[in-house]
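Have a look at the structure below before the remarks.
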Protein chains: 2
Amino acid sequence: MADPTIEPPEGAYQGSPGAYSEEAAWALLGPSARLLPCASLADVFDAVLAADTKYGVLPVENSLAGTVPRAYELLLDRGLAAIGETRVRIDHALIGPPSTSIARLRRVLSHPVALDQCTKFFRHHPHIEAVPVFDTAGAVGMVMQNGAGDVAAIASRRAAALHGATILAERIQDHDENWTRFLLLAPASSRSTLTGTRKTIVTFRLPHEPGSLARALQHVAVRDVNLTKIESRPIHERPFEYAFLIEMAAVEAAVDWAELLDDLRSATLDLRVLGAF
Amino acid sequence: MADPTIEPPEGAYQGSPGAYSEEAAWALLGPSARLLPCASLADVFDAVLAADTKYGVLPVENSLAGTVPRAYELLLDRGLAAIGETRVRIDHALIGPPSTSIARLRRVLSHPVALDQCTKFFRHHPHIEAVPVFDTAGAVGMVMQNGAGDVAAIASRRAAALHGATILAERIQDHDENWTRFLLLAPASSRSTLTGTRKTIVTFRLPHEPGSLARALQHVAVRDVNLTKIESRPIHERPFEYAFLIEMAAVEAAVDWAELLDDLRSATLDLRVLGAF
């Protein structure tokens, strides 16, 4: 049974200590926030829905890999609200046991997205096999437990420090500019009013008519609002129909969001606000 | 040295025999096409660029997981052209050695996207660990080589048949409607004229002004053309700027694509045509 004198963790993230998501959680909740590591993104949602923790941290977009698969689908399906966001710079290090060297490596473990961001490294070292696991920082733990000198991991410098591992190479991602954007999630009931909102995330469907998207976006265009993300999403039950996800950011503070959302609602179907912050 | 009497394979796909991508390749190139299995999506592009094969097959979008990470980025970076497309229905089976049963399983191997599509199965069987590997059909091969009765794979029925494995459960994906869309790739020099085109795929950047996307899409809206996909993509070197990818399909055959693309070009920056078919 849980000790009632111990406060529950404030935020849940996917991965294990040393993960980039943990860094995002501290950026969003403060550096002393107690955090709950989760095995999957779905588990992060479940932890907030079960009130095991107040907030969740969700990676949604990476500058090299694009939109994180299933991130927005989970946000839609599970009914949490996005109430904040942050960007974390991703610098991948090659990390191994103290005794090893790159020449001895045969396998490198990491999250599939991290492996995908280091294609040049694997091209230059064709004798090394890329092995996917669910967690960058967890990969460092596995490599250290394994102890063999022919297996390394790709993760953050901090993950190396936490596990007492050695950094064999730094910044091995294909492009120096590599960042991931994270949303801060809370129960939908905690959503604030639209006053003071700088950014909103909405989804909608559109009637099957040429021009329907342009007509809807016209309502955004006439205001001082930037479209910072747009994406069509296949609809599960209707394989040839599409829903749309858009993120809008105010250029100036004085946007009447309630009016804008009403106008958008009139030009679309099933509009839902997934976040406002 | 290659035997000059043996014709090179006609198409490259990511995965191994029994993969959904192989099925897509046969749908696009005919059921008797000789195919080259590749370890990664980047290898598929390389095989076409090196003329090891004429065509490549690229999964771009799944109805449950959304856009395939890096698929469009590779299309942009490597300079091949999309000249056709197909949809493949994805039905995941749970596949193991003949001697096993679900109750005995401790680990299930598959591609991360396939594991993500079967979250309900893993929720109902919390004693089973999901283990990512790079290839659904390859996971069946690993399971059969391993031989232990506590490891199974998630892949197609055809992968089970090819490896002489047993199907322990069928259609274990979260939603029955589960399909992936694939593009057929060829060297950009082989791109046809726009005559007879039904669909085009283009990318562009936009000036940083509210309303610039709505203005560009107005050129699509005034014609009998459906927007079948739209996505903003982060730009590597400019972390706060976005490029856009759109796919457009003619509602009627008589679209003047050259004129439409000229109009779009005048309202956007760096417009590139990635495919027309």
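The values are calculated or read from the model by the stated rules, or taken from the named source; none is laboratory data. Nothing here was measured: the structure is a model prediction, and the numbers come from that model. Positions of Cβ are generated from backbone atoms using ideal geometry, with glycine treated the same way; all protein chains shown enter the neighbour counts. The area values use the complete protein model at the heavy-atom level, side chains included, leaving out ligands, DNA and RNA. Shrake-Rupley method; radii C 1.70, N 1.55, O 1.52, S 1.80 Å.
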Contact list, first residue from segment B:204-224 and more than 8 Å from chain A (Cβ to nearest Cβ), second anywhere and assigned to a strand (DSSP E or B) and at pLDDT below 90, beta-carbon distance below 6 Å, six or more apart or interchain, is B:Arg205/B:Ala243
Listed by first then second residue, the pairs whose first member lies in segment B:32-49 and is at negative phi and more than 14 Å from chain A (Cβ to nearest Cβ), whose partner is of a type in the set (Ser, Thr, Tyr) and part of a strand (DSSP E or B), with beta carbons under 9 Å and at least 6 positions apart or on separate chains, are B:Ala33/B:Tyr55; B:Leu35/B:Tyr13; B:Leu36/B:Tyr13; B:Pro37/B:Tyr13; B:Val48/B:Tyr55
Cβ pairs under 6 Å, 6+ apart or interchain, first in segment B:121-133 and under 14 Å from B:Ile95 (Cβ atoms), second part of a helix (DSSP H, G or I), ordered by first then second residue, are B:Val133/B:Ala139
For segment A:245-271, the count of residues that are outside any helix (DSSP H, G or I) and surrounded by 17 or more Cβ atoms within 10 Å (Cβ to Cβ) equals 8
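Going by what's in this entry, would B:Asp174 be described as of a type in the set (Asp, Glu), open to solvent by 10 Å² or more (accessible area, probe 1.4 Å) and over 25 Å from the mean Cα position of the chain (by Cα)?
Working: of a type in the set (Asp, Glu): yes; open to solvent by 10 Å² or more (accessible area, probe 1.4 Å): yes; over 25 Å from the mean Cα position of the chain (by Cα): no.
Taking the combined requirement at face value, the residue does not satisfy it.
Does any residue of segment B:232-239 turn out to be touching a Lys or Arg at 6+ places or on another chain (Cβ under 6 Å) and part of a strand (DSSP E or B)?
Looking only at segment B:232-239, we keep the residues that are touching a Lys or Arg at 6+ places or on another chain (Cβ under 6 Å), and these are B:232.
Now drop any that are not part of a strand (DSSP E or B), which leaves B:232.
There is at least one residue in segment B:232-239 that is touching a Lys or Arg at 6+ places or on another chain (Cβ under 6 Å) and part of a strand (DSSP E or B).
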Within segment B:101-125, the count of residues that are within 18 Å of B:Asp150 (Cα to Cα), open to solvent by less than 20 Å² (accessible area, probe 1.4 Å) and out of contact with any Asp or Glu (no Cβ under 7 Å at 6 or more places or on another chain) comes to 5
For A:Ser16, the lone unmet condition from (1) open to solvent by 60 Å² or more (accessible area, probe 1.4 Å); (2) closer than 22 Å to A:Arg70 by Cα; (3) assigned to a loop (DSSP other than H, G, I, E, B) is (1)
Reported set for segment B:166-186 where residues are β-branched (Val, Ile, Thr) and more than 11 Å from every other protein chain (Cβ to nearest Cβ) is B:Thr166, B:Ile167, B:Ile172
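Here are some residues: B:Leu41, B:Leu64, B:Leu36. Which one is more than 20 Å from B:Leu274 (Cβ to Cβ) and modelled with pLDDT under 95?
Of the residues listed, the single one that is more than 20 Å from B:Leu274 (Cβ to Cβ) and modelled with pLDDT under 95 is B:Leu64.
Of everything in segment B:227-244, what is buried (at least 19 other Cβ atoms within 10 Å of the Cβ) and either of a type in the set (S, T, N, Q) or at pLDDT 90 or above (or both)? Give them in sequence order.
Result: B:Lys229, B:Ile230, B:Glu231, B:Ser232, B:Phe244.
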Among residues of segment B:61-84 being surrounded by fewer than 20 Cβ atoms within 10 Å (Cβ to Cβ) and in a strand (DSSP E or B), the residue nearest to the other protein chains (Cβ to nearest Cβ) is B:Gly84
Going through (1) touching a residue at least 24 places away in the same chain (Cβ under 8 Å); (2) within 19 Å of the chain's Cα centre (by Cα) one by one, B:Ala169 fails only at (2)
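Confirm whether A:Ile95 is β-branched (Val, Ile, Thr), open to solvent by 30 Å² or more (accessible area, probe 1.4 Å) and assigned to a strand (DSSP E or B). Reasoning before the result, please.
On the way: β-branched (Val, Ile, Thr): yes; open to solvent by 30 Å² or more (accessible area, probe 1.4 Å): no; assigned to a strand (DSSP E or B): yes.
No: the conditions fail for A:Ile95.
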Selection from segment B:177-206 of residues over 17 Å from B:Arg272 (Cβ atoms) and of a type outside the set (Ser, Thr, Tyr) yields B:Glu177, B:Asn178, B:Trp179, B:Arg181, B:Phe182, B:Leu184, B:Gly196, B:Arg198
(1) of a type in the set (Gly, Ala, Ser); (2) open to solvent by 10 Å² or more (accessible area, probe 1.4 Å); (3) touching a residue at least 60 places away in the same chain (Cβ under 8 Å); (4) in contact with a Lys or Arg (Cβ under 8 Å, 6 or more places away or on another chain) all hold for B:Gly275 apart from (2)
Filtering segment B:126-140 down to residues that are crowded, with 21+ Cβ neighbours inside 10 Å and of a type outside the set (A, V, I, L, M) yields B:Asp135, B:Thr136, B:Gly138
Taking B:Ser189 as the residue in question, decide whether it is free of Cβ contacts under 8 Å to residues at least 24 places away in the same chain and either surrounded by fewer than 17 Cβ atoms within 10 Å (Cβ to Cβ) or away from chain A (no Cβ under 14 Å) (or both).
yes
Of the residues in segment A:198-220, those that are out of contact with any Ser or Thr (no Cβ under 7 Å at 6 or more places or on another chain) and assigned to a loop (DSSP other than H, G, I, E, B) come to A:Arg198, A:Pro207, A:His208, A:Glu209, A:Pro210, A:Gly211
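Is it the case, given these coordinates, that A:Arg158 is in a helix (DSSP H, G or I), open to solvent by 60 Å² or more (accessible area, probe 1.4 Å) and under 24 Å from A:Arg87 (Cβ atoms)?
Details: in a helix (DSSP H, G or I): yes; open to solvent by 60 Å² or more (accessible area, probe 1.4 Å): yes; under 24 Å from A:Arg87 (Cβ atoms): yes.
Taking the combined requirement at face value, the residue satisfies it.
Filter segment B:105-123 for residues that are of a type in the set (A, V, I, L, M) and under 18 Å from B:Ile167 (Cα atoms) and give the result.
Passing the criteria: B:Leu105, B:Val108, B:Leu109, B:Ala114, B:Leu115.
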